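The values are calculated or read from the model by the stated rules, or taken from the named source; none is laboratory data. Predicted model, so just to flag it, every value in this text is computed and none were measured. Don't worry about glycine lacking a Cβ; one is built from the backbone with ideal geometry, like all the others, and counts go over all protein chains shown.
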């Protein structure tokens, strides 16, 4: 990683990086306005293959990639741009996450609290309300396997978080490196959190007093009494492949978690096609291909056609 310390960093100058892919204009406008109300810089990284128009939005900077490069690559483009501008913090966001007007104020206050208590954090994450499942989602910790727990007010030590709503100091990215681009999509945020935590000794902190609205997946089904998010066959491919990659070929996760996610990946290979809408053969073909590519560490963008 290049030395970012050469840039003039203002530790309270936050850049929000929004990655878009065929966004719905009305929804995106709502998202950007909620972010703009927090008085930060806004950078839109557009992964859309067509020339998307960004109309009636608050002040923002757009970087058009002209094709789908994957969320990890797009995030890195935005992060590097923010670094060049002298950012102190990165705020990652999806195109469908809504924030309160005091979101950033509360998150930066949590950053100050962390420093007061000597907590060397890599990322701060809010609680998120899943608009598909219509409920706040639990925080997750590893002890040594995955445990879910109800967020408490204040600072909660967690193992990882989704990318959207995450606040990351630039100085941390200088040490850990950026997002792993060959994952393309899925597991990108988890891999980075685990890398920061398990390899570089940072802590991931969930801020229990801050709530965001986030849409995860394309809907859900109830399976064995649990609400399970459903995605496209291609997304199921990446979920299985990248889980196997992290389990077998990465050192970011701990050994118990690598064993756990490998077992999950094998189970998902057959569960996703079972619970997914028709045509189920497409989902099965996608997950079997993902399992095979993960075993042989065949990474990067994938076409299932």
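A compact table of results
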{"quantity": "Every residue from region 244-299 that is assigned to a loop (DSSP other than H, G, I, E, B) and either under 17 Å from residue 187 (Cα atoms) or in contact (Cβ under 8 Å) with a residue 12 or more places away in the chain (or both)", "calculated": "250, 251, 252, 253, 254, 276, 277, 297, 298, 299"}
{"quantity": "Test for residue 69: is it in contact with a strand residue (DSSP E or B) (Cβ under 7 Å, 6 or more places away or on another chain) and in a loop (DSSP other than H, G, I, E, B)", "calculated": "no"}
{"quantity": "Residue match in region 152-160 (condition: part of a loop (DSSP other than H, G, I, E, B), at pLDDT 95 or above and under 25 Å from residue 271 (Cβ atoms))", "calculated": "yes"}
{"quantity": "The listed residue being in the same structural domain as residue 24 (by TED's automatic domain parsing), in a loop (DSSP other than H, G, I, E, B), crowded, with 23+ Cβ neighbours inside 10 Å and touching a strand residue (DSSP E or B) at 6+ places or on another chain (Cβ under 9 Å), out of 82, 87", "calculated": "87"}
{"quantity": "Residue match in region 84-99 (condition: more than 22 Å from residue 192 (Cα to Cα) and without any contact (Cβ under 8 Å) to a residue 60 or more places away in the chain)", "calculated": "no"}
{"quantity": "Checking residue 118 against (1) in contact (Cβ under 8 Å) with a residue 12 or more places away in the chain; (2) in a loop (DSSP other than H, G, I, E, B), the condition it does not meet", "calculated": "(1)"}
{"quantity": "Only one of 203, 241, 235, 226 that is over 16 Å from residue 145 (Cα atoms), in contact (Cβ under 8 Å) with a residue 24 or more places away in the chain, surrounded by fewer than 22 Cβ atoms within 10 Å (Cβ to Cβ) and outside the structural domain of residue 119 (by TED's automatic domain parsing)", "calculated": "235"}
{"quantity": "Qualifying positions in region 37-61 - closer than 29 Å to residue 238 by Cα and surrounded by 15 or more Cβ atoms within 10 Å (Cβ to Cβ)", "calculated": "42, 43, 44, 45, 46, 47, 48, 52, 54"}
